[in-house]
Every structure is written in C-alpha cells, then in structure tokens.
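**Q** Structure in structure tokens, see below.
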C-alpha cells in the first residue's frame, strides 16, 4: 500500500498524514526504512489494523469533533495509558489465577 492509497482510504491529504506521523500519533514504519523500497511505499506488514483504526480515530477527533492538535495528543496518550493498564491488569489477574 502506498502513502497515497493509505491517505485515500482515510480521505486525508498526504501532508496531514505526515503531520500525524511527525506528532507521534502514528508509528508506521515504512518499507523504505527497512529495505530501501521507494520512498512512498508501505508494505502490508507496515500498516496494522491498529494503525488504520488509530488514523480513523485521529481523523474523527479532528474533523468531526473539532478537537485541536494538543487535545488529540492528550486523548491518544490517555487511550495508550488505558490500553497499557488493561494489559497490566490482565497480566496481574493471570498471575493471581496461576498462584491459586
């Protein structure tokens, strides 16, 4: 999938995607970084379902909800923290179960 195809799927401009990556909101690693592929190419394994869902969330926050860029960063950080805490709770619950 090229950058252009990814942007078309999200209905965003390529410059917007670059801003999102620069802000650290998306952590897509391009095939070029891994293999020297053409600059605008993302291999299928570079873009996960999580990346696509996160990009759709960012677009929704910015376009539909009117959240500013600082707010988007805060919201994404909070979501990441919640996911991290859920994982830690799952791990702790598993440890407690195996200790019984």
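The values are calculated or read from the model by the stated rules, or taken from the named source; none is laboratory data. As the structure is a computational prediction, the values presented were derived from the model and not from experiment. Here Cβ is always computed from backbone atoms with ideal geometry, including for glycine, and neighbour counts include all displayed protein chains.
**Q** Among the numbered criteria (1) surrounded by 10 or more Cβ atoms within 10 Å (Cβ to Cβ); (2) modelled with pLDDT under 95; (3) assigned to a helix (DSSP H, G or I), which single criterion is violated by residue 45?
**A** The number of the failed condition is (1).
**Q** I need every pair where a residue in the range 73-100 that is more than 18 Å from residue 20 (Cβ to Cβ) has its Cβ under 6 Å from the Cβ of a residue that is assigned to a helix (DSSP H, G or I) and at pLDDT below 95, sequence separation at least 6 or different chains.
**A** Once the first residue is more than 18 Å from residue 20 (Cβ to Cβ) and sits in the range 73-100, no partner that is assigned to a helix (DSSP H, G or I) and at pLDDT below 95 comes close enough.
**Q** Another one. Looking only at residues in the range 48-100 that are in a helix (DSSP H, G or I) and touching a helix residue (DSSP H, G or I) at 6+ places or on another chain (Cβ under 7 Å), which one is farthest from residue 15 (Cα to Cα)?
**A** 75
Results for (1) part of a loop (DSSP other than H, G, I, E, B); (2) modelled with pLDDT of 85 or more, shown as yes or no for each residue.
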site	(1), (2)
4	no, no
7	no, yes
12	yes, yes
16	no, yes
19	no, yes
26	yes, yes
29	yes, no
33	no, no
38	yes, no
